[in-house]
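The values are calculated or read from the model by the stated rules, or taken from the named source; none is laboratory data. These numbers were taken from a predicted model, which means no experiment stands behind them. Heads up, the Cβs are rebuilt from the backbone with ideal geometry, glycines too, and the neighbour counts pull from every protein chain shown. For the accessible areas, the whole protein counts, side chains as well, though only heavy atoms, and no ligand, DNA or RNA atoms are used. Shrake-Rupley method; radii C 1.70, N 1.55, O 1.52, S 1.80 Å.
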Amino acid sequence: MNRHLKIAFFITPLLALLGYFLTGVIHSDKKNKPGTYQLVRIGECKPLSSSCVFRYGEFELKLISKELKETVQLAIVSNTDISALSIALSIDNQSFEQFKVFTTGGKKYWQLKIDTYKNLRNYNQVRLATQAGESSYFIETEIIF
C-alpha cells in the first residue's frame with residue numbers, strides 16, 4: 001500500500017463529515033423561518049394558460065384562470081394551507097382595486113368573487129399578500145389574461 005492510498009483512507013472520512021455538515025448548514029438556511037418574504041415570479045404570469053407561479057423557498061402559489069360564460073374566473077392554489085389572502089388588480093398600474101376572496105374545501109384553494117360587469121381581461125397588474133403559518137408573503141407583478 002503506497003503513501004497516497006494511506007492518505008486517501010485517512011482524508012476520505014473527514015471530507016465526508018465536512019460535506020455532511022456543510023450540506024446541513026446550507027439546507028437549513030433555505031427553510032422558511034417566520035417573517036415577511038417577497039415571492040418570486042417564475043416565468044410570465046398568464047393564468048389563462050396556467051403559467052402563473054409565485055415561489056419563495058418551498059412555499060408556492062399558482063394563479064389559474066378559466067373563462068365561463070364570457071366571464072374570466074381567477075383562483076389561487078397553494079401547496080400549503082393559507083390562513084389569509086388579499087388580492088388587488090390594477091388597470092392603470094397606479095390605482096388598485098381590492099377583490100373579495102373565498103375558499104371552498106380547504107385552505108389551499110381560494111377564488112375571487114367577481115361582479116358580473118367586471119372583466120378581468122382589462123387588468124394588467126396584480127398585488128397579492130398572503131399568510132401561511134407564521135410567515136407572510138407578498139408580490140406585485142404584471143399579469144396577462
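Which one is surrounded by the fewest Cβ atoms within 10 Å (Cβ to Cβ) among residues in segment 130-144 that are in a strand (DSSP E or B) and of a type in the set (D, E, K, R)?
Glu142
Can you go through Gln38, Gln73 and tell me which one is under 30 Å from Phe145 (Cα atoms), in contact (Cβ under 8 Å) with a residue 60 or more places away in the chain and either of a type in the set (S, T, N, Q) or touching an Asp or Glu at 6+ places or on another chain (Cβ under 6 Å) (or both)?
Gln38
Using the structure shown, decide if Leu85 is crowded, with 17+ Cβ neighbours inside 10 Å, in contact with an Asp or Glu (Cβ under 7 Å, 6 or more places away or on another chain) and under 16 Å from Ala129 (Cβ atoms).
So Leu85 fails the test.
Give me the residue from segment 26-43 that is open to solvent by 60 Å² or more (accessible area, probe 1.4 Å) and more than 16 Å from the chain's Cα centre (by Cα) and, out of that set, modelled with the highest pLDDT.
Ile26
Run Tyr109 past the list (1) open to solvent by 40 Å² or more (accessible area, probe 1.4 Å); (2) within 23 Å of Tyr56 (Cα to Cα); (3) in contact (Cβ under 8 Å) with a residue 40 or more places away in the chain and report the number of the one that doesn't hold.
(3)
Within segment 46-78, can you find the residues that are closer than 12 Å to Tyr137 by Cβ, open to solvent by 30 Å² or more (accessible area, probe 1.4 Å), touching a Phe, Trp or Tyr at 6+ places or on another chain (Cβ under 9 Å) and not aromatic (Phe, Trp, Tyr)?
Within segment 46-78, Gly57, Glu60 qualify.
From Lys108, Lys118, which residue is under 15 Å from the mean Cα position of the chain (by Cα), of a type in the set (D, E, K, R) and under 22 Å from Lys46 (Cβ atoms)?
From the options Lys108, Lys118, the qualifying one is Lys108.
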